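Chemist: I am attaching a structure below and will ask some questions about it afterwards.
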């Protein structure tokens, strides 16, 4: 009887770990899709003359891909908030990452380039830092003793999906200490970061 309980416990932990790793693969895929759509969209916005011909519906194609990546992240947010009791900093990071993904969809919808001109652009640096912070949440796995009850999970999800991070999401990366322009320590940073739009 005791042996069966121990075995069941380890099987549940193993299955949860497998699900977390599958979610991590989805997060990595969403990042890759974001990157590909961003580069394709900016290239499309830059080709005003002869040369590379784009399909007539390229904007719709890229919008669909950006929306899919955003939707995958949104689904991962539900998973994370229902399986973990989160700190305020973790909630902020999830909400900020969500807004970063929304930014790509908004750029395509508005027919605007994403003006991240270098690897140390503040928004791009913040996006990379937030992505790694959320990936860290998934690799750490939830504690079986710290699952939120449904009310707490719902409240946390409402906080994560609130639009309060719409203009301040890069500042969340600075506050969370996951902001490293070109991998170096940030110097002379002031919040809020200057936003390029």
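Chemist: Regarding segment 6-18, can at least one residue be identified that is in contact with a helix residue (DSSP H, G or I) (Cβ under 7 Å, 6 or more places away or on another chain) and assigned to a helix (DSSP H, G or I)?
Modeler: First pass over segment 6-18, keeping only residues in contact with a helix residue (DSSP H, G or I) (Cβ under 7 Å, 6 or more places away or on another chain): none.
No, because not a single residue in segment 6-18 is in contact with a helix residue (DSSP H, G or I) (Cβ under 7 Å, 6 or more places away or on another chain) and assigned to a helix (DSSP H, G or I).
Chemist: Hey, can you tell me all the residues within segment 97-116 that are farther than 15 Å from residue 169 by Cα and crowded, with 24+ Cβ neighbours inside 10 Å?
Modeler: Residue satisfying the conditions is 108 alone.
Chemist: What tally of residues in segment 117-138 results from selecting those that are surrounded by 13 or more Cβ atoms within 10 Å (Cβ to Cβ) and over 14 Å from residue 179 (Cβ atoms)? First the steps, then the outcome.
Modeler: If we filter segment 117-138 for residues that are surrounded by 13 or more Cβ atoms within 10 Å (Cβ to Cβ), which is where we start, we get 120-138.
From what is left, the residues that are over 14 Å from residue 179 (Cβ atoms) are 134-138.
Adding up the residues that qualify gives 5.
Chemist: Let me ask another. Which of the helices (runs of 4 or more DSSP H) found entirely inside segment 107-197 contain at least 3 residues meeting this: under 13 Å from the mean Cα position of the chain (by Cα) and modelled with pLDDT under 95?
Modeler: Details: elements: 122-140, 150-160, 169-175.
In segment 107-197, 122-140, 169-175 are the helices (runs of 4 or more DSSP H) which contain 3 or more residues that are under 13 Å from the mean Cα position of the chain (by Cα) and modelled with pLDDT under 95.
Chemist: Also, I was wondering about something else. Of these, 62, 94, 86, 76, which one is buried (at least 19 other Cβ atoms within 10 Å of the Cβ) and not in a helix (DSSP H, G or I)? Walk me through it before giving the result.
Modeler: Details: 62 fails: not in a helix (DSSP H, G or I); 94 fails: not in a helix (DSSP H, G or I); 76 fails: not in a helix (DSSP H, G or I).
After applying the criteria, what remains is 86.
The values are calculated or read from the model by the stated rules, or taken from the named source; none is laboratory data. Keep in mind that this is a model prediction, so the values were computed, not measured. Virtual Cβ from ideal backbone geometry, glycine too; neighbours counted across all protein chains shown.
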